Every structure is written in C-alpha cells, then in structure tokens.
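Structure first, commentary second.
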Amino acid sequence: MLKNINWKVRLKNPTFWAQIILSIISPILVGLGAQWHDMTTWAALWDVLYNAVSNPVIVVSVIGSVWACITAVSYTHLTL
C-alpha cells in the first residue's frame, strides 16, 4: 500500500501538509475540549501538547488520522 505512493509529489503538495496538520490538531482539540483561545501563551500551548501526549486515546486518534492521510486508498476493486 505504501510502496505505490509517489512521495516526491506527495511531499510537495500543500493539500497533503494541510491534511497532516489538521489530522494532528483536530484530535488534540476535540480530545481535550480545548479552544484556540485557551492557547494564548507558549506555556499554555505546551501544557495542551503535554496533556495530549499523556492521553493514550488522543495519541491513538492522532496516529489513526495521520495514517489515513498517508495511505493511498484505491477503490478500483470495489464493487457494489
């Protein structure tokens, strides 16, 4: 699955990077119930990140989200 990905093209694609960033940020914000205005200082941002890494549910959610962005899913064999 990962061997068929054209990494040179993918890494130059800004949409790919937007998906990666959102797949990391979204589970953290949702899992902690954090709001953007809660992270107005560097200390508050690091506190949110520390709490996210300390929560196994958020870590698994981030890994799953990033995996979904990276994998190249092909539906050529899907029949309905």
- Note on the structure: The condition of being at pLDDT below 90 and either touching a Cys at 6+ places or on another chain (Cβ under 8 Å) or on the phi < 0 side of the Ramachandran plot (or both) holds, among L78, L32, only for L78
- Query: Being at pLDDT 90 or above, surrounded by 12 or more Cβ atoms within 10 Å (Cβ to Cβ) and of a type in the set (A, V, I, L, M, F, W, C), is that true of even one residue in region 3-16?
  - Reply: yes
- Query: If you take the residues of region 41-67 that are open to solvent by 70 Å² or more (accessible area, probe 1.4 Å) and under 10 Å from the mean Cα position of the chain (by Cα), which of them is modelled with the highest pLDDT?
  - Reply: I63
- Note on the structure: In region 26-40, residues that are open to solvent by less than 100 Å² (accessible area, probe 1.4 Å), part of a helix (DSSP H, G or I) and not aliphatic (A, V, I, L, M) total 4
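Any residue at all in region 8-17 that's outside any helix (DSSP H, G or I), polar (S, T, N, Q) and free of Cβ contacts under 8 Å to residues at least 40 places away in the same chain?
First pass over region 8-17, keeping only residues outside any helix (DSSP H, G or I): 13.
From the residues that got through so far, the ones that are polar (S, T, N, Q) too are 13.
Still in the running and free of Cβ contacts under 8 Å to residues at least 40 places away in the same chain: 13.
The answer is yes, given that some residue of region 8-17 is outside any helix (DSSP H, G or I), polar (S, T, N, Q) and free of Cβ contacts under 8 Å to residues at least 40 places away in the same chain.
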- Check off (1) closer than 19 Å to T71 by Cα; (2) open to solvent by 50 Å² or more (accessible area, probe 1.4 Å) for S23 and give me the number that stays unchecked. (2)
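The values are calculated or read from the model by the stated rules, or taken from the named source; none is laboratory data. In this text, all values refer to a predicted model and were calculated from it rather than measured experimentally. Glycine gets a Cβ as well: all are built from the backbone with ideal geometry, and neighbour counts include every protein chain shown. Areas reflect the complete protein model, heavy atoms only, side chains present, ligands, DNA and RNA absent. Shrake-Rupley method; radii C 1.70, N 1.55, O 1.52, S 1.80 Å.
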